[in-house]
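Please read the structure below before turning to the comments.
The values are calculated or read from the model by the stated rules, or taken from the named source; none is laboratory data. Worth saying up front: this structure is predicted, and the values here are computed from it rather than measured. Cβ sites come from the backbone with ideal geometry, for glycine too, and all protein chains shown count toward neighbours. With ligands, DNA and RNA removed, areas are computed over all heavy atoms of the protein, side chains included. Shrake-Rupley method; radii C 1.70, N 1.55, O 1.52, S 1.80 Å.
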Amino acid sequence: TIGFSLMEAKNVEPLIGDRRVLGRHVRMSLFDNSDVLSNVHSIPAINSKEVPNVWKFSSKASLLFPKDDENTCFLRTNDVDIKLCILFELCALLEMSEVKNKSGTKERKRNIIEVSVGWGMLPLFTSDGTAIENKSYDIRLYSGSPFSKEAFAKEFTEKKSFFQTLIHGNKHPRLNIKVWKLGQSVLDEINQLPESICSFLSAVPVMAKYRQIMCDALIRDKNYGPRQDPALAVFPTICNQSDLLHLLSLIWERKTRSVSQKNMPKLQAVLQKKFGECVLLLWPILHMHEFPAYIEGYERIGAVCFLHS
């Protein structure tokens with residue numbers, strides 16, 4: 001189990017052409033060089049016209065542990081394999097507004113496509129089988145597919161000498177990642193989650209509470225218990241939309257900040273009530289007909305969800 005923050009991506013190939021960029025994001029998952037072994041998590045990226053080849057993942061400039069930021073995530077797995085790594089893919093959403101029809105004339109039609117800008121991998125173990133250290137890593141970003149070996153062969157043939165790198169610099173696309181040391185209380189909550197999962201670190205408390213309430217509901221009535229609780233029923237849908245999950249984690253943190261830990265017999269009942277209140281606050285966003293359909297990485301839709309909350 002590790003916690004990590006995506007700091008920035010440098011020398012990213014800029015998107016050319018007349019297609020409008022709707023948003024940028026990074027997908028990540030547990031990978032073993034052949035298969036995806038966990039859920040696919042996504043975080044938004046920030047880009048400016050002044051520096052188009054740099055992607056940032058947080059607007060906060062702090063060296064402290066940014067547990068509440070969208071760019072700080074965790075990955076949990078019970079597997080111990082030297083091949084395990086975190087696969088990252090930089091993606092961009094583009095809008096194609098003009099399409100030719102069969103008669104040769106142009107008709108305006110809005111079509112959104114997602115393109116891959118680059119991918120890279122962060123190994124979870126060193127060559128001798130020990131876990132990686134808590135420090136910053138610069139990983140190389142490749143084009144093409146992670147299931148192909150052509151990118152690794154190309155890197156070997158293009159490898160520069162020390163003096164070439166010193167004079168010309170390293171212009172390869174790279175993703176900077178900071179690996180953090182997690183506290184024991186956070187690790188205890190993460191251990192309540194599924195065996196292989198990747199998500200926001202700030203979402204760990206509310207996800208752990210969901211698992212606890214779900215277990216209690218299944219013990220009482222394994223067939224109808226969870227279905228009778230609207231908060232338990234809608235929570236998986238929220239988890240499938242990364243912007244709503246991040247919003248829920250912020251709401252949960254604010255709602256539980258004033259909860260006293262002194263009265264332990266009533267604490268669980270209070271937290272269960274708070275969980276239902278927090279989840280149902282997002283119910284209108286999921287069921288309002290005037291809301292646009294959810295698209296991963298679309299900046300405008302994510303902003304609308306935060307404004308209406």
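In terms of its Cα atoms, the stretch 172-261 spans 55, 33, 24 Å along the principal axes, sorted from long to short. With all protein chains in place and ligands, DNA and RNA left out, the 1.4 Å accessible area ranks ARG19, ARG24, ARG220 as ARG220, ARG19, ARG24, largest first.
Modelled this way, with points 7 Å down the Cα-to-C-beta line, the labels at ARG257 and GLN212 are 2.1 nm from one another.
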